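All remarks here apply to the structure that follows.
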Amino acid sequence: MKTHVSLIVLVCTMIISACTTSPEPAKEIIILPQPVEIHAQDGRFIISGENTKIFTDQWEENYYQAMDLLKTIWPQEIQAGESEKKSDILIQYDANLSAEAYELTISPKQIKILCADSSGAYYAVQSLSQILLQGDIIKEKTHIPCVKIKDSPRFAYRGMHLDVCRHFFTVDEVKNYLDIMGAHKFNRFHWHLTEDQGWRIEIKKYPRLTEIGAYRPETVIGKNTGEYDSTPHGGFYTQDDIREIVAYAHQNCIEVIPEIEMPGHSLAALAAYPELGCTGGPYEVAKTWGVFDDVYCAGNDKTMAFMKGALDEVIELFPGEYIHIGGDECPKTRWETCPRCQWRMKTHKLADEHELQSWFIQEIEHYLNNKGKRIIGWDEILEGGLAENATVMSWRGEARGIEAAESGHDVIMSPNNECYFDHYQAEPIDNEPFAIGGMTTVEDVYHYEPIPEELDAEFAHHILGVQANLWSEYIPTESHLQYMMLPRATALAEVLWTSKDNKDYDRFLTSIEIMKSVYDENGWNYAKHVFE
Ligand code: ACM
Ligand code: ZN
């Protein structure tokens with residue numbers, strides 16, 4: 001009898017242990033942008049106990065972005081673990097991985113992140129944040145599915161641009177923009193800081209730039225209708241604000257590229273310092289949109305000294321590799337009749353005003369190169385001769401990008417048809433907020449291929465990546481800005497991160513539901529068309 005009871009107990013124990021040890025079956029999870037490899041595994045990691053122990057081989061210092069992000073997304077308090085084995089989460093350096101790459105393995109016992117730099121760790125945690133949203137809450141505990149992910153970006157330059165001049169966005173609004181970028185694994189923020197309609201960066205040597213140049217008394221209604229809103233508009237970032245934003249961007253593994261526009265789009269600076277223009281003014285900060293004839297005088301030595309003086313302070317504020325010098329849409333009308341500009345052309349044996357612009361940009365390039373910075377310019381900088389080390393941002397289609405790459409220059413693709421997020425994004429446009437024009441749908445963005453077929457393969461490595469631009473003439477508020485950005489930025493993130501073979505628009509349209517949760521969770525506004 002005794003044996004009989006033992007046998008029953010044994011069988012029961014076997015059944016119970018079979019029930020408790022058989023792992024929950026693998027659950028497909030979605031990460032956007034789609035990783036290089038993602039394999040669902042049986043089992044769940046259950047967030048239990050009083051807190052979560054984390055062990056890193058290079059605590060805080062190298063992984064502080066990942067650690068800080070983890071603290072904001074993780075449901076429990078994070079504490080330092082004593083050892084690799086006894087910790088719930090492990091972050092480890094792996095020299096075999098490339099820049100920005102990571103491996104993320106979630107097993108029932110541990111979440112393990114491998115990376116070779118701080119960006120890799122940060123992107124692993126961004127992916128983990130999406131996985132958390134797909135966990136199940138069972139008896140108040142979060143169960144997250146087990147998975148193995150190997151991931152790295154296709155392109156090194158993954159950019160978003162923001163025009164804060166046509167409409168000003170506050171420090172907090174810019175930070176939110178950087179959060180959206182971080183969540184999509186973008187890594188370059190092109191900050192368009194100077195324009196006809198407003199100069200937005202404090203330069204201590206030239207205080208009138210922000211005293212005068214940061215404000216306009218009113219703004220035209222619609223597309224240069226001749227009617228004005230009678231509402232002053234303006235604002236600028238102090239140097240402390242700039243440092244704060246640069247640090248915040250760094251926290252999101254984003255490098256900030258300031259754009260100090262020259263020689264065109266400079267009316268706000270001319271309003272502040274009229275002696276820098278060909279006619280001497282007076283000038284006004286622009287209240288309408290467009291391209292204006294009054295630009296910096298390229299013949300005036302004071303202009304060059306001013307540019308260099310302003311750039312000295314810019315260099316100090318932005319630790320990144322690049323400074324964007326604009327270069328687009330600079331009419332040559334004033335230069336054609338300006339004695340100083342004509343004198344400059346004569347003394348430097350410049351054949352025409354395009355060469356004069358090229359001389360201007362090259363002067364600035366030499367100055368910046370000597371200070372350890374590289375320049376980026378819009379594709380007009382090809383006209384009249386491209387500066388020696390310049391990187392070209394190809395916006396009027398791809399042809400100038402191809403030309404620049406084939407002459408050995410680095411290129412960032414930003415063709416207006418696919419990368420201008422100030423365009424309309426859906427028909428009928430009457431149902432959309434008023435926009436500059438154009439039509440760039442989520443699908444158009446998704447299908448964009450940054451390496452043009454026409455480009456000789458040996459130069460493909462010069463295409464560093466892509467950037468989408470958000471010009472703000474018709475985007476006066478943050479919620480409108482986010483509406484124009486999302487979900488097109490989500491589509492662009494796959495163009496930039498996901499390998500060509502892993503791209504699939506149908507899969508993307510299903511997967512994007514996860515980003516809807518991310519947008520909602522963060523309170524970001526977005527266009528709803530692809531979710532309907
Ligand atoms: C540009 O859109 N003017 C670069
Ligand atoms: Zn001039």
Residue under evaluation Thr391, criteria (1) buried (at least 19 other Cβ atoms within 10 Å of the Cβ); (2) more than 13 Å from ligand 1 (Cβ to nearest atom); (3) over 25 Å from Glu365 (Cβ atoms), criterion not met: (3)
Hey, Thr142 surrounded by 13 or more Cβ atoms within 10 Å (Cβ to Cβ), among the polar types (S, T, N, Q), in a strand (DSSP E or B) and within 28 Å of the chain's Cα centre (by Cα) or not: no
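For the range 372-404, what are the residues that are under 13 Å from Ile463 (Cβ atoms) and of a type in the set (D, E, K, R)?
Glu398, Arg400, Glu403
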Cβ pairs under 8 Å, 6+ apart, first in the range 460-485 and in contact (Cβ under 8 Å) with a residue 24 or more places away in the chain and within 16 Å of ligand 2 (Cβ to nearest atom), second in a loop (DSSP other than H, G, I, E, B) and of a type outside the set (Lys, Arg): none
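Here is a check on your reading of the model: is Ala310 crowded, with 16+ Cβ neighbours inside 10 Å, within 16 Å of ligand 1 (Cβ to nearest atom) and among the hydrophobic types (A, V, I, L, M, F, W, C)?
Considered against the rule, which asks whether it is crowded, with 16+ Cβ neighbours inside 10 Å, within 16 Å of ligand 1 (Cβ to nearest atom) and among the hydrophobic types (A, V, I, L, M, F, W, C), Ala310 comes out as no.
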Residues that are buried (at least 18 other Cβ atoms within 10 Å of the Cβ) and either within 27 Å of the chain's Cα centre (by Cα) or at pLDDT below 95 (or both), drawn from the range 38-53: Ile38
Any hit, the range 468-476, residues being of a type in the set (Val, Ile, Thr), modelled with pLDDT of 95 or more and touching a His at 6+ places or on another chain (Cβ under 9 Å): yes
Condition check for Lys349: over 22 Å from Ser414 (Cβ atoms), modelled with pLDDT of 95 or more and either within 16 Å of ligand 1 (Cβ to nearest atom) or over 29 Å from the mean Cα position of the chain (by Cα) (or both): yes
Meets criteria (out of contact with any helix residue (DSSP H, G or I) (no Cβ under 7 Å at 6 or more places or on another chain), more than 16 Å from ligand 2 (Cβ to nearest atom), at pLDDT 95 or above and among the hydrophobic types (A, V, I, L, M, F, W, C)) for Ile260: no
Selected residue (criterion: nearest to Gln130 (Cα to Cα)) from residues of the range 83-114 that are among the aliphatic types (A, V, I, L, M) and without any contact (Cβ under 8 Å) to a residue 24 or more places away in the chain: Leu114
Residue in the range 276-296 that is modelled with pLDDT of 95 or more, in contact with a strand residue (DSSP E or B) (Cβ under 8 Å, 6 or more places away or on another chain), assigned to a strand (DSSP E or B) and not β-branched (Val, Ile, Thr) present: yes
Check on Ala156, small (Gly, Ala, Ser), more than 30 Å from Val291 (Cα to Cα), surrounded by fewer than 24 Cβ atoms within 10 Å (Cβ to Cβ) and over 19 Å from the mean Cα position of the chain (by Cα): no
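Which residues, counting only those in the range 268-302, are away from ligand 2 (no atom under 15 Å from the Cβ) and at negative phi?
Ala268, Ala271, Ala272, Pro282, Glu284, Val285, Ala286, Lys287, Thr288, Trp289, Val291 - these are the residues of the range 268-302 that are away from ligand 2 (no atom under 15 Å from the Cβ) and at negative phi.
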Residue match in the range 394-413 (condition: without any contact (Cβ under 8 Å) to a residue 12 or more places away in the chain and outside any loop (DSSP other than H, G, I, E, B)): yes
Count of residues meeting criterion [out of contact with any strand residue (DSSP E or B) (no Cβ under 6 Å at 6 or more places or on another chain), buried (at least 23 other Cβ atoms within 10 Å of the Cβ) and of a type in the set (S, T, N, Q)] in the range 403-423: 0
Qualifying residue in the range 424-446 (condition: in a helix (DSSP H, G or I), under 24 Å from Glu473 (Cβ atoms) and in contact with a strand residue (DSSP E or B) (Cβ under 6 Å, 6 or more places away or on another chain)): no
Complete set of residues in the range 352-385 that are farther than 15 Å from Ile260 by Cα, touching a Ser or Thr at 6+ places or on another chain (Cβ under 6 Å) and within 16 Å of ligand 1 (Cβ to nearest atom): Asp379
Of all residues in the range 200-215 being in contact with a helix residue (DSSP H, G or I) (Cβ under 7 Å, 6 or more places away or on another chain) and closer than 10 Å to Ala271 by Cβ, the one that is surrounded by the fewest Cβ atoms within 10 Å (Cβ to Cβ): Arg208
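The values are calculated or read from the model by the stated rules, or taken from the named source; none is laboratory data. Remember, predicted model here, so these are calculated numbers, not experimental data. Because the Cβ atoms are built from the backbone with ideal geometry, glycine has one as well, and the counts that use them run over all protein chains shown.
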